[in-house]
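Contents: one structure, followed by commentary.
Please treat every number below as a calculation from the coordinates, not as lab data. On a predicted model such as this, the values are computed, not experimentally measured, just so you know. Please note: Cβ atoms are built from the backbone with ideal geometry, for glycine as well, and neighbour counts cover all protein chains shown.
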Amino acid sequence: MKIVSTIKELKAIREELKGSVGFVPTMGAMHNGHLSLIRQARIQNDTVIVSIFVNPTQFLPNEDYKNYPRREEADLKICTLAGVDILFMPTADEIYTKIEPEILAPKNLSYILEGSSRPGHFDGVLRVVLKLFNLTRPTNAYFGKKDAQQLYLVQNMVKTLFLNVNIVPCDIVRESDGLALSSRNIYMNEKERVQSLSLSIALKNASQAIMKGERDTKKIELIMLESLKDLRVDYAKALSRDFEIKEQITIKDTILLIAAFVGKTRLIDNLWI
Ligand code: AMP
């Protein structure tokens, strides 16, 4: 595995690559969720590029940019074992300059849900993803469904800016008890870890109600809120897969989305119906 930290080196290596390139952008502190993306990329491409970059522009001033878990050594091991060919680990100064055009995510999609409590977050996400796409020029790029809104906005950017990359959505990887894996899970203490199960339970309860025939969006959202009553809920929504509000949900065109605080840790989870 080649470890690359400069753009100059990455460009030179990319120039020489033949065949398909699979790209997995991450912020590191890797877990089995990241690993599942890398594995899929490994199966489907001649070359696999992974980036580890804690992107400052997607964090709000009050968020955990400085304290975001960084586990370089463990990440290197995971990437080596997973058969990654190129690991790109740039500094923020390598990626950003002082004067540059800004990328703005579409307002109607980026200021709801995640964007309503994290305004500007998706501008930073799209800005870095576009830069990374331009540098790695991937055939396929792998994104987790865990970040459903991010996935949708990246797909929308690719479509509307006519980018030549295939976005591959990857299923959510969970702990055996249902908690969706996240680099932020380590922030929780034992008691909070137990409370965190409310998110996946809420999704399960809502999906069971849907399986029994419930289609009323409000009622489905109330079922989720009931299971989340001990947590500070940011949102618990049933939306169409293009993030529209519908009075009645439709099978195969619905996402249940939750964001809630367990103590100080903000968790997100979702289920595609
Ligand atoms: P992050 O390092 O948090 O930016 O995540 C990098 C990629 O891994 C994103 O595309 C995430 O959606 C994806 N990811 C994070 N957690 C999971 C998970 N539990 N299952 C599947 N993919 C995930």
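Against the empirical 2.2 N^0.38 Å scaling, what ratio does the C-alpha Rg of the chain come to?
With N residues counted in the chain, Rg over 2.2 N^0.38 Å equals 1.02.
Counting each DSSP H run of 4 or more residues in the chain as -39500 (n - 2.57), what helix-only mean residue ellipticity at 222 nm follows after dividing by all residues, to the nearest 500 deg cm²/dmol?
-11000 deg cm²/dmol
May I ask you to derive the FRET efficiency for LEU109 and LYS11 from their Cβ-Cβ distance with R0 = 41 Å, giving the value to the nearest 0.05?
After rounding, the FRET efficiency stands at 0.85.
For the pair SER20/ILE3, report the inter-label distance in nm, with labels modelled 7 Å from Cα in the Cβ direction.
If labels sit at SER20 and ILE3, their model points lie 2.9 nm apart.
Just to be sure I understand the model, the point goes 7 Å from the Cα along the line to the Cβ. What's the resulting ASN32 to ASP171 distance in nm?
1.2
Quick check of the Kirkwood formula: for the range 183-267, what is the inverse mean of 1/r over all pairs of different Cα atoms, in Å?
13.2
So, R0 is 41 Å and r is the distance between the beta-carbons of LYS159 and LYS66; what FRET efficiency does that work out to, to 0.05?
Computed FRET efficiency for LYS159 and LYS66: 0.75.
So what is the relative contact order of the range 49-103, in percent, for Cα pairs below 8 Å that sit 6 or more residues apart?
Computed over the range 49-103, the figure is 58 percent.
In percent, how large is the relative contact order of the range 202-258, given Cα pairs closer than 8 Å and 6 or more residues apart?
34
Subtract the Cα-Cα distance of LYS204 and ASP230 from 0.36 nm times their separation in residues, and report this length gain in nm to one decimal.
The span from LYS204 to ASP230 would gain 7.7 nm if fully extended.
Which whole-angstrom value gives the distance between the alpha carbon centres of the range 114-160 and the range 1-33?
17
For the range 126-265, I need the span (max minus min coordinate) of the C-alpha atoms along each principal axis, in Å, sorted largest to smallest.
The Cα atoms of the range 126-265 stretch 44, 38, 24 Å along the principal axes, largest first.
How far, in nm, would the chain grow between ARG42 and ILE251 when pulled straight, counting 0.36 nm per residue and subtracting the alpha carbon separation?
72.0 nm
Averaging sequence separations of C-alpha pairs under 8 Å and six or more residues apart, then dividing by the length of the chain, give the relative contact order as a whole percent.
The normalised contact order for the chain reaches 17 percent.
Points 7 angstrom from Cα along the Cβ direction at VAL194 and ALA74: gap in nanometres?
About 2.4 nm separates the two model spin labels.
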